[in-house]
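Student: Quick one: this structure, given as structure tokens, is what I'll be asking you about.
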Amino acid sequence: MDTLRTYQHLLTLPTFEERFQYLKLDGKVGQETFGFDRYFNQKFYRSNEWKQIRNFVIARDQGCDLAIFDREIFGRVFVHHMNPISLDDIKDATDYLLNPDYLVCVSKETHDAIHYGDGSLLTPTKLTERSPGDTKLW
């Protein structure tokens, strides 16, 4: 990755689709990120520092997917590192880990779509048009 993805730049992109394209990666299903060193990753995500910044980001984004304020997340809110982190980032406590300008709220669905680079994992947000009698069971 040549340039760092930032929250400030993300906010300049007006649509969910543009924000998704900005963040999507070309990962592969089952690709290892930490392998046998996953312990470091899990220890980091249980730390008080992570929990504090996570709460800050959720409040800042009002629990909305990719900080699009009409896309409230119902269910678990993920705080996504906009720039993939590595074991070295955790060991060296780099700025990527806890700087809110490199973090954004996402739903599980959006998180998976970003990592796999696959927009087909996203559910369309178009509402179904209602018609009289469409809720009758028989």
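Student: Quick check on segment 46-86: of everything there that is under 22 Å from THR3 (Cβ atoms) and either of a type in the set (Phe, Trp, Tyr) or assigned to a helix (DSSP H, G or I) (or both), which residue is nearest to the chain's Cα centre (by Cα)?
Tutor: LEU66
Student: Do you know which residues across segment 66-85 are surrounded by fewer than 16 Cβ atoms within 10 Å (Cβ to Cβ) and either out of contact with any helix residue (DSSP H, G or I) (no Cβ under 9 Å at 6 or more places or on another chain) or of a type in the set (Gly, Ala, Ser) (or both)?
Tutor: Hits for segment 66-85 are PHE69, ASP70, PHE74, GLY75.
Student: Applying the selection to segment 99-116, what residues are within 10 Å of ASP26 (Cα to Cα) and surrounded by fewer than 15 Cβ atoms within 10 Å (Cβ to Cβ)?
Tutor: Passing the criteria: none in range.
FYI, it's all coordinate maths here, none of it is from the lab. Being a predicted model, the structure only gives us computed values, none of them experimental. Cβ coordinates were reconstructed from backbone atoms using ideal geometry, including for glycine residues, and neighbour counts include every protein chain displayed.
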